[in-house]
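Coordinate-derived values only; no laboratory data. Keep in mind it's a predicted model, so treat the numbers as computed, not measured. Every residue, glycine as well, gets a Cβ built from its backbone with ideal geometry; the counts of neighbours run over all protein chains shown.
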Amino acid sequence: MAVYDHGYRGYGGTLMPARSRFLVISRYGLRDVFASRLFLAFFAFCFAWPLVLLVGMYLRYNAEALAVINISAADLLDFVQVNTWFFESLFLRAQLYLAFVVVLVVGPSLVSADLRNRAMPLYLSRPLTRTDYVLGKLVVLGVLVAAITWAPGLLLFAIQAALGGGEWLAEHWRVAPSLVVVSTVWMLCMSLPMLAIAAWVKWKPWARIVFLGAILSGTAFGEFYKQFYDSWLGSMVVAFDVTAVLSSSVFGTEASVQMPGAAAWLAAVGLVALSAALLYRRVRAFEVVK
């Protein structure tokens, strides 16, 4: 445009606050994720188990429905016990396995293409920082994991509290915050390592292989260490053992793994810190090649 034309006009709209600009990255990331029909079908499948549990909860308090399907109330009450175990083991653990698949599928596609195609200068030349970039990508995984873990869990908890009354709620109030805490900690412990590996490997299939290899090798080494030295220290590198102990410490139940809760929290914090440091090292505007 020629200078004398004076046809240029600056942007006159409302500017997004600096503290929430990372949500722009999240919005477009979620749009790309749900553009896949295959992933959309799998994401819908993730709500099948909560729906089954919801039906079981409803039948416990509906005698007419039980009569139609010819099931006695006593048999159903013995089979479906809606307590802390119901939400921790029966609901949350199953959903965490599905969320693991979501992280494995979606995680590498969020950062690998940007780094492989050297798009970081384009991101960081805008009013975005490295923290904004990481947060924007992390929020995508956080929203997906929350949608299939603690969000339906809180819905089930609210329905059961309405059906069970104040006595049940007073006895099991700890379940609601525990669902949110365990799901969030698990999301960080899975998502940040996945993003860090994808940032270093840069190729989606190899990033998934390396991520799975790290979990499997850690599990094999931990089990060998526990059997050979008869020590719980090996559980600190076994992701499933750490998750089980963290969940038990938050829900207030007895853990199936012999490991102190403080050790499990230390392992989780260490993994998150190391993954964040590795990710930040790769997310920068330029890279010096020697």
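Shown for PHE240, PHE22: other C-beta atoms within 10 Å of each C-beta, ranked fewest to most, produce the order PHE240, PHE22. The angle separating the long axis of helix 48-60 from the principal Cα axis of greatest extent in the chain is about 30 degrees. Going by neighbour counts of Cβ atoms within 10 Å, the residues ASP230, ASP241 line up, fewest first, as ASP230, ASP241.
Spacing of the modelled spin labels on ARG93 and ARG118, each 7 Å from Cα toward Cβ, amounts to 4.9 nm. Computed from Cα atoms, the angle from the helix 22-33 axis to the main principal axis of the chain rounds to 70 degrees.
Can you give me the angle between helix 175-201 and the longest principal axis of the chain, using Cα atoms only, in degrees from 0 to 90, rounded to the nearest 10? Its long axis makes an angle of about 40 degrees. Taking each residue as 0.36 nm, the span from ALA48 to SER231 lengthens on full extension beyond its C-alpha to C-alpha distance by 62.0 nm. In terms of other Cβ atoms within 10 Å, ILE215, ILE197, ILE159, ILE148 run from fewest to most in the order ILE159, ILE215, ILE148, ILE197.
Taking a ≥ b ≥ c as the square roots of the eigenvalues of the alpha carbon gyration tensor, the chain is oblate, as a/c is not under 1.5 and a/b does not beat b/c.
Select from MET120, MET16, MET57 the residue whose mean-square fluctuation is largest in a Gaussian network model of the chain (Cα-Cα springs shorter than 10 Å). Highest fluctuation of the listed residues: MET16. Across the options GLY107, TRP173, TRP232, the greatest Cα extent toward the positive end of the charge dipole of region 21-282 (unit charges at beta carbon of Lys, Arg, Asp, Glu) belongs to GLY107.
Treating r as the C-beta distance of VAL143 and GLU254 and R0 as 25 Å, the FRET efficiency rounds to 0.15.
Computed over the chain with a Gaussian network model linking Cα atoms closer than 10 Å, the most mobile of LYS202, LYS137, LYS226 is LYS226. What the Cβ-Cβ distance of PHE240 and ARG19 gives, at R0 = 25 Å and to the nearest 0.05, is a FRET efficiency of 0.10.
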